[in-house]
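The structure appears below as structure tokens.
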Amino acid sequence: MAEWLDPFPARLDSKPILDWVDAALKTALFDGIHLDIEPHAAPAWKTHRLQLAAGYLDLLRQVRAKGKFTFSAAVPHNWDREDLRIDGKMLIEHAQDILVFVSVMAYRGRNVEKVLESIEHECRYKPGKVELIQETDPKAVEEGVPLHVGTQSRLDEIFAAARTKFGAALPLSV
């Protein structure tokens, strides 16, 4: 992510990411590309949120233009917020329109209801094109709040509840 963000806010340099995508595709070993670039983790997200979000979408479009392959990305659980609208559309919807799948980082700790709420918009917008990700590392804490599920039984409970609500085929990841 650093190479992509270094020139920001003057501009975003997508070349390092696009070069990586080209190299991965050139091997012909993969059916798709999954990006885990998290612009929301950058300090600039606090001061230039919509500009950075628009740059991220532009990066996704540039990768998408590289050809026909399964294209997915990890996205945070809160990109469906009203303050993240670009041209009248939520950021997550723009991302879902470009990607084949989104992997939602629904890191809501042990709260099953919050996890389900975290992927509801995405599942409604593009049914069958959402993967639920859960954090299992007990050291994963953000601003004093644990992101991890806590125990194997809680993880099982979250996954069972998600598949009950959104379908047995919902992809799950840790």
How about the range 24-63: which of its residues are among the hydroxyl-bearing types (Ser, Thr, Tyr) and surrounded by fewer than 15 Cβ atoms within 10 Å (Cβ to Cβ)? Thr27, Thr47
Across the range 1-50, what is the number of residues that are closer than 18 Å to Arg61 by Cα, assigned to a loop (DSSP other than H, G, I, E, B) and at pLDDT below 90? 3
Subset of the range 152-174 that is touching a residue at least 40 places away in the same chain (Cβ under 8 Å) and β-branched (Val, Ile, Thr) - its residue that is farthest from Glu131 (Cα to Cα): Ile158
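The values are calculated or read from the model by the stated rules, or taken from the named source; none is laboratory data. All figures in this text were calculated on a predicted structure; none of them were measured in a lab. Reconstructed Cβ throughout: ideal geometry from the backbone, glycine too, with neighbour counts over all protein chains shown.
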